Amino acid sequence: MAKEDPTGGAALEAARREKLRKIQQLGLDPWGGRFDGHAPIGQVRAREDEITVEPVGECETGKPPEQSGPKVRVAGRIVLQRKKGKLIFIDIRDWTGQIQLFIGQNQVGPTNWELAQCFDLGDIIGVDGELKRTKTGELTIFAEDLHFLCKALATPPAKHHGLADPELRQRMRYLDLIHGEGVLERFLRRTQIVQSIRGTLAAEGFVEVEGPTLHAIAGGAAARPFTTHHNALDIMLYLRIALELHLKRLLVGGIERVYELGRVYRNEGISPRHNPEFTMLEVYQAYGDYRTMMDLTEKIIAGAIRATGQAPRLAWGGAEIDFSLPFARKTYDEAFAEHSGVDPNDAAAVAALAEEIGLEPAGKHPDVVKSEVFEAKVEDRLAGPVFVTDYPASICPLTKRKAGQPEIAERFELFIQGMEVANAYTELNDPDLQEELFSKQLAGQAEEDSMAKMDRDFIRALRHGMPPAGGLGIGIDRLVMLLTGSQTIREVILFPLLRPEISG
RNA sequence: GAGGAUGUAGCUCAGUCGGUAGAGCAACGGACUUUUAAUCCGUAGGUCUCGGGUUCGAGCCCCGACAUCCUCACCA
C-alpha cells in the first residue's frame, strides 16, 4: 500500500528507482550484462609494483608526481563513496578484495560523469582505468571508462557496522557475506577444508559415492528422523539420519574404500552446536579396523589445517588447540576415571554419582548409566584433541567386539573442546550378531536413543559377506568450527534453519 | 520443551521519574578535482514487533502472542 508521502525505506527505494530511470535515459541497461576481460581485484592489487614514477623534477605543490601504471579492468560492488565536487572516490569490492576508484569529471567525460551521479552504495559496476597511487599513497584505479552492471534497489546495512542482529545475518546471509567482517573468508575456508578432505581420501584410494537420502528405515544412528511421504508409492519415508548402512552395503558389493560426504537430517533440537541438517563424512575401508581409522582421521585433519594455510596450533574461543600429530589417546575407562573421579568398573559408585548429578539410574542397564555419566561429566572436559577408545560394547550395536573381551567395543571417538568430532568403529560383520543387536533395546534406553531398528535388507547384505572393515564418521560442521575459530555452528552453515518469516 | 535476555528510522544504537520520539550512518538539496568512516550548511525520514490492560497520559508499568539470542534438556 503506497502512502501519500513516501516514508522511511520507501523513500530510500524511490531515490534509487529515480537513479535507475536516469541510467535508462542515458541509454544504458541498469541490469547490465556480460562483462568480459576483468581481473580479480586481488590480482590487480598485486600489480602495484608495475607503477612507475617519472623522475622528472620536483612535484609542484598540490600535484601528485607523474606516474604511469598498468591499464586494468575490474568489476565489483560499491561499498563506500566519497563525493568531493567534480571528483568521486569509490571503494568497490569483489570476492578477492577491495580497491579505490578515482572518478574525475574531466577524466571520464560527460556521459560517464552523468552515470556516476546515479551510483548508490550496493550497485555493481565495471571500470577501466589506470592503476596508480593517489597523493596519499593509496592504490587506486583512475577511471577512464565506467560500465553499469546492476542497480541495487535496497539500501545496504550501515557501512562499517554491517548487520548486527544474528537473525538478519542468517536470514539475509547475502548481506552478511558482503558486509560481515571475515564472513566470506570463513565460508571460502569451509570450501577449502571440504576440498582438502576429498583430496586426502582420493590420495588414499577412496571413492566417493552418493547414497539415498530417502530411507524406508532410518538406521545407522540413534536419532529421531524427519518423516516424509512418497505419493506414487504411497509410503512413508524418512530423511536419512546417517550414511552408514548403505555404505556398508557397498563394502559387501566390493567397493573396498568408499565414502560419502553429505547432508544428514535429525529431527532434534537446535543449539550453537546443532542444526537439524548437517554435513557428515563417513568412510569405510575394507580390511582395516578402528586403528586404521585413527590414522586416517589424523591425516584428514592435518591435511585440512594445511589446506587453510594455518599452523597446527589454533586459537578457539580463548583456548588454544594443538593439532600436532599424533593426537592423545585414552581409553574410555581412563577418561572416565580421570574426569569423574569414580572407578568406572564400580557399578554402584557410578550409579551413586549418576544419582548425585540428577540422572535417574534406577532400572537402567549399568552401561547406559555409565554412558550417561560419561556424557554429563566427562565429554565437556575433554579439551583434546583426544581419541577416546574402547567403549562398552553394549552401547555400540554396530561395532565389533575386542578379541577375547566381548564387553569392549573396538570404537573411538575424537573429542576436541568437549565436542565429539569423529566416531569410528571396527565394523561388525557377523550377520547373526548384528540381527541380535538390532532387536535388543537396552533397559532404560528411550526408543529414539536406541539403534534397535531392524533393517532386514542390511542383515541380508551382511549374510553375503562384508569384509572386515574400519568405519569413520566426521562431523564436518564441527570440524569447520574448530578450524575457523567459530563458536557456533550457525557461523559455518550458510543457511541454518530458521522459523519462516511471518509474511505481512 | 523449561528459564533468562532482547525487539525503537533503511542500518547501528540512545531514550532518565510514565508527560509531544533522539543521534550517527544511509537518503535528498547545496559547496568542494587527491579523499580515506572526507568535511561543512540545510531538508526529510517513525504502526516504538503485534494484541489487550492500568492511567488524565504508555517506547517505558501489567497480561498475552510472535520472533531472535543465551543457558539447560534431546543430540553429533
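The values are calculated or read from the model by the stated rules, or taken from the named source; none is laboratory data. Bear in mind the structure is a predicted one, so any value in this text is a computation, not a measurement. Glycine also receives a Cβ, built like all others from the backbone with ideal geometry; neighbour counts cover every protein chain displayed. Just the protein is used for accessible areas: all its heavy atoms, side chains included, with ligands, DNA and RNA removed. Shrake-Rupley method; radii C 1.70, N 1.55, O 1.52, S 1.80 Å.
Within segment A:113-132, is there a residue that is among the β-branched types (V, I, T) and more than 18 Å from A:G37 (Cβ to Cβ)? Scanning segment A:113-132 turns up no residue that is among the β-branched types (V, I, T) and more than 18 Å from A:G37 (Cβ to Cβ). Does A:G76 qualify as being of a type outside the set (K, R) and near RNA strand B (Cβ under 9 Å from one of its atoms)? Here the answer is no, as A:G76 does not meet what is asked.
Being within 12 Å of RNA strand B (Cβ to nearest atom), open to solvent by less than 40 Å² (accessible area, probe 1.4 Å) and not small (G, A, S): is that true of A:I103 here? In short, yes.
A single entry from A:P361, A:P366 fulfils the requirement of being modelled with pLDDT under 75, more than 12 Å from RNA strand B (Cβ to nearest atom) and over 30 Å from A:P312 (Cβ atoms): A:P361. Only a single criterion out of (1) at pLDDT 85 or above; (2) open to solvent by less than 70 Å² (accessible area, probe 1.4 Å); (3) closer than 30 Å to A:I474 by Cβ; (4) assigned to a loop (DSSP other than H, G, I, E, B) is not satisfied by A:A222, namely (1). Among the residues making up segment A:145-160, none is within 18 Å of A:R73 (Cα to Cα) and within 13 Å of RNA strand B (Cβ to nearest atom). Inside segment A:168-184, residues that are of a type in the set (K, R) and within 9 Å of RNA strand B (Cβ to nearest atom) make up a count of 2.
Take A:G269 and decide whether it is surrounded by fewer than 21 Cβ atoms within 10 Å (Cβ to Cβ) and at positive phi. Spelling it out, it is not the case that A:G269 is surrounded by fewer than 21 Cβ atoms within 10 Å (Cβ to Cβ) and at positive phi. When the test is whether a residue is modelled with pLDDT under 95 and either more than 9 Å from RNA strand B (Cβ to nearest atom) or hydrophobic (A, V, I, L, M, F, W, C) (or both), A:V44 does not pass it. From the list A:E185, A:E144, the lone residue that is out of contact with any strand residue (DSSP E or B) (no Cβ under 9 Å at 6 or more places or on another chain) and closer than 30 Å to A:E50 by Cα is A:E185. Would segment A:201-214 turn up any residue that is within 16 Å of RNA strand B (Cβ to nearest atom) and modelled with pLDDT under 95? Yes, because at least one residue in segment A:201-214 is within 16 Å of RNA strand B (Cβ to nearest atom) and modelled with pLDDT under 95.
If you take the residues of segment A:114-144 that are surrounded by fewer than 19 Cβ atoms within 10 Å (Cβ to Cβ) and assigned to a loop (DSSP other than H, G, I, E, B), which of them is farthest from RNA strand B (Cβ to nearest atom)? Here the answer is A:Q117.
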